[in-house]
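Novice: Take a look at the following structure, please.
The values are calculated or read from the model by the stated rules, or taken from the named source; none is laboratory data. From a predicted model like this one, the values you see are computed outputs, not experimental measurements. As a convention, Cβ positions derive from the backbone with ideal geometry for all residues, glycine included, and neighbour counts pool all protein chains shown. Only protein heavy atoms, including side chains, enter the accessible area calculation; ligands, DNA and RNA are left aside. Shrake-Rupley method; radii C 1.70, N 1.55, O 1.52, S 1.80 Å.
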Amino acid sequence: MFVLLRRTIALVAGLLFLHSGIAGASEPDPHQALYGESAYPSATQCAGCHKQHYEEWSRSAHAYSAVSPMFHKFEQTINGLAPSLGGFCVRCHASVGSSLGESRAIDLWKRSAVGREGVTCVTCHRVSTEYGKVNGERRIDPGEIFAPVYGAKNGPELANVISNKEFYKVATAKEEKGKRIHLAAVPMEQLQRSEFCASCHQVAVNLGIKLEVVWDQYRASPAHAQGISCQQCHMGKVPGKAEGYETGPVAVIEGKPIEPQREHHNHAFYGPGYSIAHPGVFPHNSKAQRWSVEDWLGFDFRAQWGSEAFERRVEDGLIDIEFPEAWAEPADREEAWAIIQENLGKLAIKQQERAAVMDNGLSLSGPFFPSTLQVGSDLKFNYLVNNINPGHNVPSGSLGAQPELWMNVALINPAGVRIWESGYVDSNGDMADLHSLDVRNGSIAHDDQLFNLQTKFLTTNVKGTEREMYLPVNLDIDQLPFLRPAAQPVTVMNHPPLVRMEQRSIPPLGNRTAAFTVPGELVKKPGTYRLSVRLRSRAEPIYFMRFVGATQDMERAMNEGMLNMHAYSASFEVK
């Protein structure tokens, strides 16, 4: 039977930690890291010649995939309930770590450095086989930095660099001095096609439920019909729009640009996600590698350790702190603070890109009034939300992680008093829907008119009809819980029996009307009224974060990253 995860969480309470590790997890093989450094080159090695690509990637969701605290909390929770899932999730989120055989259960700081890079350079550029819908799997060709890479072109300029290696000061073998360089660039046609993205962005798990559905949406979209690829919108010069690419050098070696007018694919991979990790851990920064992940987690960036103002107060005796050993020296704190400032700057750029993606993918119009506006009568109005993105639904992506997109609208009367609102949030920052902890305990009212585009899981339980729930896991409550397969093939019903996903998202170039009614007894006076509206986006609901054991700092960072879009007010007269 299907069981609400929150009712069975006691089974795995001892398994949840701040990090991804669990008690008794095996220690990594000491030879593994050495092998990883040679067989799977780190992005920092590529940065020597491809600095712009590295900087873009370093703040991307691809680079974040293996260090995301929320991913680890989610992945640990579901594995605790149904261990048969195993290392499925990390095959995409930590592709090199999976190739190295790193256990999904080890601490983040015990992973190899390249394993923490998530979807790193070699994840895409060392793949020689064409993949389609293989459901969360792709094999990376191992090889030292000198091994061939796969790209959009065959790299004639690379041959010129290698033939003039003394001029460019590059090394083509271990015994040579200079920047080590790959010796061949092999054209890989699929790397430029949407099919290349499908193996990780179209994923069915948990008895056939599709947690990633963007490929299905894209295949049925106007963009696909027009031949527009994922890369054109997510790696082009305008976030979320197929309006061409910037130009720039494919590499810069010893200050010498290589093929300076080449089409540049932006490796920020524009999207709506954002980081809630410690800014010393993410974005990736080669300067930060002087300290371990554990050291960074002990650095209080919110207190601004290392800043001039903070250190002056410490020196004057106004602050008395017993610093962790790694941060005992003021010079180290000051250097770390400089790195934090640099990374916060990268995150600010990421936030701008995220806002641009959402602005370029949505439009909001209204309010529209279908009837006469009179004192004492119900005030009815609506807004029109358009998905102006031709490629996939809004919101899309990882529906199992429940990305949120909702409307917040408030009515202000002639006296400037807010008399009605929908889309308000509870004390935790959650919408006042069925899952709000405050709604459930009766401290705030349920928002009956909420316009919410968040996808929900619906299950048929032992008692009652279909109900919304965080995440359905069909498991046996026994000594060895596992994901129990359905009695009927998923292909027969197009979804597992007794569970389905209710997609409230808007299809490409589609629209949705948000209709509202303000009771007439609230519209008491004639005069000028004002409606203020905005769309709000957040990566995760707070109730779900609490369910998987997120820390307060994770919740705070999630709410800090909440994005407000298309905010405006409209005035109108009521007689």
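Novice: Please tell me if PHE381 is crowded, with 19+ Cβ neighbours inside 10 Å, modelled with pLDDT of 95 or more and in a strand (DSSP E or B). Talk me through it step by step, then tell me what you get.
Specialist: On the way: crowded, with 19+ Cβ neighbours inside 10 Å: yes; modelled with pLDDT of 95 or more: yes; in a strand (DSSP E or B): yes.
Criteria met by PHE381.
Novice: Another question about this same structure. Tell me which residues, restricted to segment 348-366, are assigned to a helix (DSSP H, G or I) and surrounded by fewer than 17 Cβ atoms within 10 Å (Cβ to Cβ). Before the answer, list the steps.
Specialist: At the first step, the residues of segment 348-366 found to be assigned to a helix (DSSP H, G or I) are 348-361.
Within segment 348-366, ALA348, ILE349, GLN351, GLN352, ALA355, ALA356, ASP359 meet the criteria.
Novice: Looking only at residues that are in contact with a strand residue (DSSP E or B) (Cβ under 8 Å, 6 or more places away or on another chain), open to solvent by 30 Å² or more (accessible area, probe 1.4 Å) and closer than 28 Å to SER505 by Cβ in segment 454-482, which one is modelled with the lowest pLDDT?
Specialist: ASN461
Novice: Out of everything in segment 535-561 that is crowded, with 21+ Cβ neighbours inside 10 Å and assigned to a strand (DSSP E or B), what residue ends up being farthest from the chain's Cα centre (by Cα)?
Specialist: Looking at the filtered set, the residue picked out is LEU535.
Novice: Sort out which residues of segment 125-168 are in contact with a Lys or Arg (Cβ under 8 Å, 6 or more places away or on another chain) and assigned to a helix (DSSP H, G or I), and write them in order of number.
Specialist: TYR168
Novice: Hey, can you tell me all the residues within segment 562-575 that are in contact with a Gly (Cβ under 8 Å, 6 or more places away or on another chain) and either outside any strand (DSSP E or B) or crowded, with 16+ Cβ neighbours inside 10 Å (or both)?
Specialist: In the first step, residues of segment 562-575 are kept if they are in contact with a Gly (Cβ under 8 Å, 6 or more places away or on another chain); the result is 562, 570, 573-574.
Residues satisfying the conditions are MET562, VAL574.
Novice: Something else now. Being within 26 Å of GLN351 (Cβ to Cβ), of a type in the set (Lys, Arg) and free of Cβ contacts under 8 Å to residues at least 60 places away in the same chain, is that true of even one residue in segment 184-195? Before you say what the answer is, go through the steps one by one.
Specialist: Step one: filter segment 184-195 for residues within 26 Å of GLN351 (Cβ to Cβ), giving none.
No, every residue in segment 184-195 fails to be within 26 Å of GLN351 (Cβ to Cβ), of a type in the set (Lys, Arg) and free of Cβ contacts under 8 Å to residues at least 60 places away in the same chain.
Novice: If you don't mind, there's one more thing I want to ask. Answer yes if at least one residue in segment 144-154 is within 33 Å of the chain's Cα centre (by Cα), open to solvent by 50 Å² or more (accessible area, probe 1.4 Å) and under 24 Å from PHE71 (Cα atoms), and no otherwise. First the steps, then the outcome.
Specialist: In the first step, residues of segment 144-154 are kept if they are within 33 Å of the chain's Cα centre (by Cα); the result is 144-154.
Imposing the further condition that a residue be open to solvent by 50 Å² or more (accessible area, probe 1.4 Å) reduces the set to 144, 148, 153-154.
Applying the additional criterion that residues be under 24 Å from PHE71 (Cα atoms) yields none.
No: segment 144-154 contains no residue that is within 33 Å of the chain's Cα centre (by Cα), open to solvent by 50 Å² or more (accessible area, probe 1.4 Å) and under 24 Å from PHE71 (Cα atoms).
Novice: Ok, one more. Could you pull out the residue among LYS174, LYS169 that is in contact (Cβ under 8 Å) with a residue 60 or more places away in the chain and not aromatic (Phe, Trp, Tyr)?
Specialist: Working: LYS174 fails: in contact (Cβ under 8 Å) with a residue 60 or more places away in the chain.
It is LYS169.
Novice: Kindly establish whether VAL122 is assigned to a loop (DSSP other than H, G, I, E, B), in contact with a helix residue (DSSP H, G or I) (Cβ under 8 Å, 6 or more places away or on another chain), open to solvent by less than 30 Å² (accessible area, probe 1.4 Å) and under 26 Å from ALA268 (Cβ atoms). If you could, list the steps in order and put the result at the bottom.
Specialist: Working: assigned to a loop (DSSP other than H, G, I, E, B): no; in contact with a helix residue (DSSP H, G or I) (Cβ under 8 Å, 6 or more places away or on another chain): yes; open to solvent by less than 30 Å² (accessible area, probe 1.4 Å): yes; under 26 Å from ALA268 (Cβ atoms): yes.
No: the conditions fail for VAL122.
Novice: Considering only segment 330-341, I want to know if a residue exists there that is at pLDDT 95 or above, within 18 Å of the chain's Cα centre (by Cα) and open to solvent by less than 60 Å² (accessible area, probe 1.4 Å). Walk me through how you get there before you give the answer.
Specialist: Here is the first cut: in segment 330-341, the residues at pLDDT 95 or above are 330-341.
From the residues that got through so far, the ones that are within 18 Å of the chain's Cα centre (by Cα) too are none.
No, every residue in segment 330-341 fails to be at pLDDT 95 or above, within 18 Å of the chain's Cα centre (by Cα) and open to solvent by less than 60 Å² (accessible area, probe 1.4 Å).
Novice: State which residue is nearest to ASN160 (Cα to Cα) when the search covers only segment 207-233 and only residues that are open to solvent by 50 Å² or more (accessible area, probe 1.4 Å), out of contact with any strand residue (DSSP E or B) (no Cβ under 8 Å at 6 or more places or on another chain) and not in a loop (DSSP other than H, G, I, E, B).
Specialist: As a first pass, look at segment 207-233 and keep what is open to solvent by 50 Å² or more (accessible area, probe 1.4 Å): 210, 216, 219-220, 224-227, 232.
Within this subset, residues satisfying the condition of being out of contact with any strand residue (DSSP E or B) (no Cβ under 8 Å at 6 or more places or on another chain) are 219-220, 224-227, 232.
Adding the requirement that they be not in a loop (DSSP other than H, G, I, E, B) leaves 219, 224-225, 232.
Values: ARG219: 40, HIS224: 37, ALA225: 39, GLN232: 29 Å.
So the residue we want is GLN232.
Novice: Among what's in segment 493-507 and is of a type in the set (A, V, I, L, M) and at pLDDT 60 or above, pick the residue that is nearest to GLY80 (Cα to Cα). So that I can check it myself, show each step before the final result.
Specialist: If we filter segment 493-507 for residues that are of a type in the set (A, V, I, L, M), which is where we start, we get 493, 498-499, 501, 506.
Restricting the remaining residues to those that are at pLDDT 60 or above gives 498-499, 501, 506.
Values: LEU498: 22, VAL499: 21, MET501: 23, ILE506: 34 Å.
Applying the filter and picking the extreme gives VAL499.
Novice: Anything in segment 119-158 that is free of Cβ contacts under 8 Å to residues at least 40 places away in the same chain and touching a Ser or Thr at 6+ places or on another chain (Cβ under 9 Å)? List them, or say none.
Specialist: Hits for segment 119-158 are ASP141, PHE146, PRO148.
Novice: Quickly run through segment 415-448 and pick out the residues that are open to solvent by less than 60 Å² (accessible area, probe 1.4 Å), in contact (Cβ under 8 Å) with a residue 40 or more places away in the chain and in a loop (DSSP other than H, G, I, E, B).
Specialist: GLY423, ASN428, GLY429, ASP430, HIS435, SER436
Novice: Taking LEU108 as meeting all but one of (1) free of Cβ contacts under 8 Å to residues at least 60 places away in the same chain; (2) within 19 Å of the chain's Cα centre (by Cα), write down the number of the exception.
Specialist: Going through the list (1) free of Cβ contacts under 8 Å to residues at least 60 places away in the same chain; (2) within 19 Å of the chain's Cα centre (by Cα), LEU108 breaks only (1).
Novice: Say whether the condition of being open to solvent by less than 40 Å² (accessible area, probe 1.4 Å), within 28 Å of PRO508 (Cα to Cα) and out of contact with any Phe, Trp or Tyr (no Cβ under 9 Å at 6 or more places or on another chain) is met by at least one residue in segment 404-412.
Specialist: yes
Novice: Let me confirm something: among GLY317, GLY273, GLY306, which residue is part of a loop (DSSP other than H, G, I, E, B) and under 26 Å from the mean Cα position of the chain (by Cα)?
Specialist: On the way: GLY317 fails: under 26 Å from the mean Cα position of the chain (by Cα); GLY306 fails: under 26 Å from the mean Cα position of the chain (by Cα).
When all the criteria are applied, what remains is GLY273.
Novice: Does segment 47-97 hold any residues that are within 30 Å of GLY248 (Cα to Cα), open to solvent by less than 20 Å² (accessible area, probe 1.4 Å) and of a type in the set (Asp, Glu), and which are they?
Specialist: The one that is within 30 Å of GLY248 (Cα to Cα), open to solvent by less than 20 Å² (accessible area, probe 1.4 Å) and of a type in the set (Asp, Glu): GLU56.
Novice: Could you tell me which residue of segment 508-534 is farthest from ASN387 (Cα to Cα), considering only residues that are assigned to a loop (DSSP other than H, G, I, E, B), open to solvent by 60 Å² or more (accessible area, probe 1.4 Å) and modelled with pLDDT of 95 or more?
Specialist: In the first step, residues of segment 508-534 are kept if they are assigned to a loop (DSSP other than H, G, I, E, B); the result is 508-510, 519, 523-526.
From the residues that got through so far, the ones that are open to solvent by 60 Å² or more (accessible area, probe 1.4 Å) too are 509, 524-526.
Still in the running and modelled with pLDDT of 95 or more: 509, 526.
Working: LEU509: 5, PRO526: 36 Å.
Checking each candidate, the answer is PRO526.
Novice: Quick one: in segment 234-263, which of the residues that are of a type in the set (Asp, Glu) and modelled with pLDDT under 95 is surrounded by the most Cβ atoms within 10 Å (Cβ to Cβ)?
Specialist: Start the filter on segment 234-263 by keeping residues that are of a type in the set (Asp, Glu), which leaves 243, 246, 254, 259, 263.
Now drop any that are not modelled with pLDDT under 95, which leaves 254, 259, 263.
On the way: GLU254: 12, GLU259: 17, GLU263: 15.
This residue is GLU259.
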